[in-house]
Amino acid sequence: MKNIKEFVKRHPYLVCLDSDGCAIDGMTIKHLQCFGPCAVEEWGLGDYREEFLQYWNEINLYRMTRGINRFRGLAFLLQYAKEKGYIDNAVECYQEWADSLPELSEAALEREIARKDDEMLKKALSWSRAVNRRIAAIPWEKKTAFKGVQETLEKAHARADVAVISAANAAAVEEEWRRNGLVEHADVCMTQEYGSKADCIKKLLQYGYEPEQVIMLGDAPGDHVAANKNGVLFFPILAGREIKSWEEFYDSVFDMFVQGEYDGEMQKKYLKEFEGNLA
Ligand SMILES: [Mg+2]
């Protein structure tokens, strides 16, 4: 898998795909075992553990908010905990910060902490770092590709260029792809270092693809937004029904795509399923 500087366009068609929760089954385990439990520990919410974890998982995995930035997810969670009376800390400073920036990161949070000495901001950073440590400790064999991904990419790669578009960091994505034997079926990997997913697709379009000959595969509404912003096609991988989605792409959608038959009209049926699945 090359970075964009070494990328060479070989085909008129381009298949872009998200990694986590789309090609690699790593998203659910991260939320179930890392994000939620670390929040319970950081805010001492053991008494409400089940309710709290359920709320976190709903927001991050099973609703239209699926795939949101971790710090935005935390803003929802803290608001919920505050309303329920589970925490009595002041959350205003954190909420204000979480609402103020288009991109939220640990680096941005560190800068905010340097400006304001606020307990919740510090706890959010401590939580985020604990999450990172716990994610790093998940064994590789638990982050496998969904069944059907390898065959599908192999098939797609014979007719189209393949680009991985991910909000994660490059090293982590490449390692997951290498361990799953997927690297040889992708041409280029574009991650957060290049900006948003929409920015990544935009950059690839500059190589001379026609928007109707580019398709983005993703599991989250943010992937659809990135495709829409660039006027390219979208095919959803449905949360909880990923294997069926990959089967469908392999059996029919990819062929329709390269024959010019998967258009905006055809896409509507899949979008309806996608939105219904996360409602
Ligand atoms: Mg994803």
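The values are calculated or read from the model by the stated rules, or taken from the named source; none is laboratory data. Nothing here was measured: the structure is a model prediction, and the numbers come from that model. Neighbour counts are summed over all protein chains in view; Cβ atoms, including those assigned to glycine, are modelled from backbone coordinates with ideal geometry.
The number of residues in segment 1-24 being under 21 Å from Glu242 (Cβ atoms) and polar (S, T, N, Q) comes to 1. State whether the residues of segment 41-53 include one that is within 24 Å of Asp20 (Cα to Cα), of a type in the set (A, V, I, L, M, F, W, C) and surrounded by 21 or more Cβ atoms within 10 Å (Cβ to Cβ). Yes, segment 41-53 contains at least one residue that is within 24 Å of Asp20 (Cα to Cα), of a type in the set (A, V, I, L, M, F, W, C) and surrounded by 21 or more Cβ atoms within 10 Å (Cβ to Cβ). If I ask for residues that are away from the ligand (no atom under 16 Å from the Cβ) and surrounded by 19 or more Cβ atoms within 10 Å (Cβ to Cβ), which ones from segment 183-204 would you list? His185, Asp187, Val188, Leu204, listed by residue number. In segment 53-82, the qualifying residues are those that are under 23 Å from Ala137 (Cα atoms) and of a type in the set (Phe, Trp, Tyr), and the one that is farthest from the chain's Cα centre (by Cα) is Trp56.
Inside segment 96-112, residues that are assigned to a helix (DSSP H, G or I) and buried (at least 16 other Cβ atoms within 10 Å of the Cβ) make up a count of 4. Residues in segment 9-57 that are aliphatic (A, V, I, L, M), within 16 Å of the ligand (Cβ to nearest atom) and farther than 29 Å from Val188 by Cα: Leu32 alone. Among the residues in segment 58-69, are any surrounded by 20 or more Cβ atoms within 10 Å (Cβ to Cβ), closer than 20 Å to Glu193 by Cα, within 16 Å of the ligand (Cβ to nearest atom) and not acidic (Asp, Glu)? There is at least one residue in segment 58-69 that is surrounded by 20 or more Cβ atoms within 10 Å (Cβ to Cβ), closer than 20 Å to Glu193 by Cα, within 16 Å of the ligand (Cβ to nearest atom) and not acidic (Asp, Glu). Taken over segment 158-175, the residue count meeting the criterion of being farther than 20 Å from Lys203 by Cβ and at pLDDT 95 or above is 2. For segment 211-220, taking the residues that are of a type outside the set (Gly, Ala, Ser) and surrounded by 19 or more Cβ atoms within 10 Å (Cβ to Cβ), the one that is farthest from the ligand (Cβ to nearest atom) is identified as Val214. Every condition in (1) in contact with an Asp or Glu (Cβ under 8 Å, 6 or more places away or on another chain); (2) more than 16 Å from the ligand (Cβ to nearest atom); (3) in contact (Cβ under 8 Å) with a residue 40 or more places away in the chain holds for Tyr207 except the one numbered (1). Only residues that are within 16 Å of the ligand (Cβ to nearest atom) and over 23 Å from Asp18 (Cβ atoms) were counted across segment 70-86, and they come to 0.
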